[in-house]
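Scroll down for the structure; my scribbles are underneath it.
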Amino acid sequence: MNSATVRTLLVRGMLAGLGAGLLALVAAYLLGEPRVDSAIALEEGHSHAHGGGHEVEVVSRGLQSTAGLATGVLLYGVAFGGIVALAFCFALGRVGRFGPRATAALLAGAGLLAVYVVPFLKYPANPPAVGDPDTIGKRTALYGLMMLLGVLLAVAAVILGKRLAPRLGNWYASVIAAAGFILAVGLAYAFLPAVNEVPAGFPGTLLWQFRLASLAIQVVLWTAFGLLFGHLAERHLDPLSRPVRSSAGSVPVSSG
Amino acid sequence: MAQSVAPPTTGADTPAALPIRAILPWAVFFGVLMLVLLYFVGAEQGATSVFSGTDVHEWVHDGRHLLGFPCH
């Protein structure tokens, strides 16, 4: 029953996304939160220097940095887990001769690249204190557009590769598709407006460390997802595949 | 003299593709649902607002920054 298979894979994708989200949450808490706290301290220091009044805290820092962080990261993991599971259903058996695990790993790698790295290189993650609230709408639209372009161009590259493979062979088709992807992304970078709203005096070291932490969180998330979902998908689609156990001892050779 | 040879491990065949018709309903419904989830994590009460106030924004504040979304 194909529909039941899709449903099962979708559920497993979301569960794998949740598991990956938990690991990413650990990375976020250990690597990311110290930088967020430092940036907020700078932001508040700047606010005090300009006689800014104390704002009433809607959510305390204690909650923001723990339960709030968990909510964001876990929901992100579940959401992308579901989306990539659906992409997996389309891709399995249609992209080369890869089995479930390899397909999941490739999709996770593609997801990390298209969903995060491509937008990140043009509009990198910013800590609190960076970014003008008046331009949030434009920046969100640009970031969303870059995400969408990353995904669409990645899909286009895969389709191009498939079209070229019968004529050029898998290797050259893949190289040309990748080159096309890079060229198209480069054009998007060139034509979309730049954004730089880092306030004067914001420490470059902190900005760099924050962005590295953000990248690390995403790498943990997508890697863990690829491995977890690959395992769960394989278990469902090919339940007979197990590590081959060799028979105990050597086979006795009968003397002639 | 009998000589036993280990049977060759067969490489896995390419898995059968799932029919597009079976995938589409799930993809449309859950795809939209997952995108709504991402919207709330990444953009609600920032660039746009479905609900008034700043509670959602403040709650996912740290996650939003660290996941790379523009936050404020």
- Note on the structure: Simple SL model, points at 7 angstrom along Cα→Cβ for residue A:191 and residue A:102; separation in nm is 3.6 nm
- Sticking with the crude label model, points 7 Å out along Cα→Cβ, report the distance from residue B:39 to residue A:26 in nm, one decimal please. 3.4 nm
- Query: Considering only protein heavy atoms, what is the solvent-accessible area of residue B:59 at a probe of 1.4 Å, reported in Å² to the nearest 10?
  - Reply: 80 Å²
- Would you rank A:211, A:101 by solvent-accessible area, highest first, keeping every protein chain in place and using a 1.4 Å probe? A:101, A:211
- Task: Based on a Kirkwood Rh over C-alpha pairs, give the Stokes-Einstein translational diffusion coefficient of the protein assembly as shown at 4 °C and viscosity 1.567 mPa s in µm²/s.
- Result: 59 µm²/s
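Of A:57, A:234, B:58, which has the most accessible area and how do the rest follow, probe 1.4 Å?
Correct descending sequence by accessible area is A:57, B:58, A:234.
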- Item | Surface accessible to a 1.4 Å probe, residue A:221 within the full protein complex, Å² | 10 Å²
- Message: Taking 0.36 nm per residue of sequence separation and subtracting the Cα-Cα distance, how much length would be gained by fully extending the chain between residue A:121 and residue A:208, in nm to one decimal?
- Response: 30.0 nm
- Message: Can you give me the angle between helix A:69-91 and the longest principal axis of chain A, using Cα atoms only, in degrees from 0 to 90, rounded to the nearest 10?
- Response: 40 degrees
- Query: Points 7 angstrom from Cα along the Cβ direction at residue A:163 and residue B:50: gap in nanometres?
  - Reply: 3.6 nm
- Determine the sum of side-chain charges near residue A:199: Lys and Arg each +1, Asp and Glu each -1, restricted to other residues whose C-beta is under 11 angstrom from that of residue A:199. -3
- Plugging the Cβ-Cβ distance of residue A:198 and residue A:2 into 1/(1 + (r/R0)^6) at R0 = 45 Å yields, to the nearest 0.05, a FRET efficiency of 0.35
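The values are calculated or read from the model by the stated rules, or taken from the named source; none is laboratory data. Fair warning: this is a prediction, and the values are worked out from it, not measured in the lab. Note that we place each Cβ from the backbone using ideal geometry, even for glycine, and neighbour counts take in every protein chain shown. Accessible surface areas use protein heavy atoms only, side chains included; no ligands, DNA or RNA. Shrake-Rupley method; radii C 1.70, N 1.55, O 1.52, S 1.80 Å.
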